[in-house]
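Following: one structure in structure tokens, then a few remarks.
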Amino acid sequence: MAKQHFIQIESKNALLELLKEGREFERIYLASTAYRDDKTKEIVELASQKKIPIIRVPRKTLTRRLKASNSESVVGMMISQNHWSLDELLESIYSENKMPFFLVLDNLKYSQNIGAIMRTAFAVGVNGIITAPSDVSFINDESMRISMGAVERIPLVEMSLFAAVKELQKNDIKVFAIHMDGETYYESDLKGPSAFIVGAEDVGISTGMLERADKTISIPMREGIGSLNVSVSAAVLMYEKLRQEVTIK
């Protein structure tokens, strides 16, 4: 799990939760005029205990660093090492007696959608996200903020999506793709080891990925609406799987 890089955390809530979880930070910037509210005090106290350097800077200097807000007074530079191989992740899941539950993100582009999907994925118990290799990391300050830190909590695999689907199927993990001609999602059996392919915001799931899926499922809609937002579609399917799993317990 190498490939280290830094993520700028601009949300006090996310920063505090990540510190409590024991995540590594290279440094934390604190505005020299910061109002010492309870969260800021707790962040400073935790950082001091962990010997994380706290750098006090003028408010204007900190504001120039901000990407998602103009008002935050505390910014953390977190060290991310959330990069797994699929073999390594499957071994970890099986060793903990967990049921594999994956999302395969097929060329998603927008951090808002990625963050929203990962926030829901963490809530329902997804234990792996698979994406194609890219020069742009899915884990950035915006997706971190929108997901409330979930993008760093769900293991991330970067590899060929075709190879990933083949490996998942070899491990008896059923791969579902969303398509308008598929079976209605709530009439489909989503129980057991599963992976959902989620398609790009503009073109949906690529033809090659549709052909490799075990089954296509659809979300019924009134005429005049071609599709839902990708994060909404993903949430509908994830919670339907959760509902089916809970029902049989």
Legend entry - Burial ordering of MET209, MET99, fewest other beta-carbon atoms within 10 Å first: MET99, MET209
Legend entry - Cα gyration tensor shape for region 6-57, rounded if a/c is under 1.5, else prolate or oblate: rounded
Inset, instruction - Between SER143, SER71, SER85, find the one with the highest GNM mean-square fluctuation for the chain; connect C-alpha pairs within less than 10 Å. - result: SER71
Legend entry - Residue pairs, from the table LYS174/LYS241; LYS20/LYS191; LYS20/LYS60; LYS60/LYS109; LYS12/LYS241, whose Cα atoms sit over 24 Å apart: LYS20/LYS191; LYS20/LYS60; LYS60/LYS109; LYS12/LYS241
Legend entry - Sorted by Cβ density within 10 Å, fewest first, the residues ILE225, ILE154: ILE225, ILE154
Inset, instruction - Please give the net charge around THR40, taking every other residue with its beta carbon less than 13 angstrom from that of THR40, where Lys and Arg add +1 and Asp and Glu add -1. - result: 0
Legend entry - Overall dimensions of region 86-247 by Cα: Rg and Dmax, Å: 14.6, 47
Legend entry - Rounded to whole Hz, the Karplus (6.51, -1.76, 1.60) HN-Hα couplings of region 181-197, x for glycine and proline: 9, x, 6, 4, 4, 7, 9, 9, 8, 9, 6, x, x, 9, 9, 9, 8
Legend entry - Charge dipole magnitude, Cβ of K and R +1, D and E -1 - the chain, Cα centre, debye nearest 20: 1160
Legend entry - Within region 50-97: Cβ-based charge dipole about Cα centre, in debye rounded to nearest 20 (Lys, Arg +1; Asp, Glu -1): 920
Legend entry - Distance between region 19-51 and region 162-226 - C-alpha centres, whole angstrom: 42
Inset, instruction - May I ask for the net charge around PRO53, where only other residues with Cβ less than 14 Å from the Cβ of PRO53 are counted and Lys, Arg are +1 while Asp, Glu are -1? - result: +2
Inset, instruction - Neighbouring Cβ atoms within 10 Å as the yardstick, rank LYS174, LYS60 fewest first. - result: LYS60, LYS174
Inset, instruction - Check the straight Cα-Cα distances from LYS215 and name the aspartates and glutamates below 19 Å, setting aside those fewer than 8 residues away within the same chain. - result: ASP106, GLU167, ASP172, ASP181, GLU183, GLU187, ASP189, GLU240, GLU245
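No value in this document is a laboratory result; all are computed from the given coordinates. Since the model is a prediction, treat every value here as computed from it, not as a measurement. Virtual Cβ from ideal backbone geometry, glycine too; neighbours counted across all protein chains shown.
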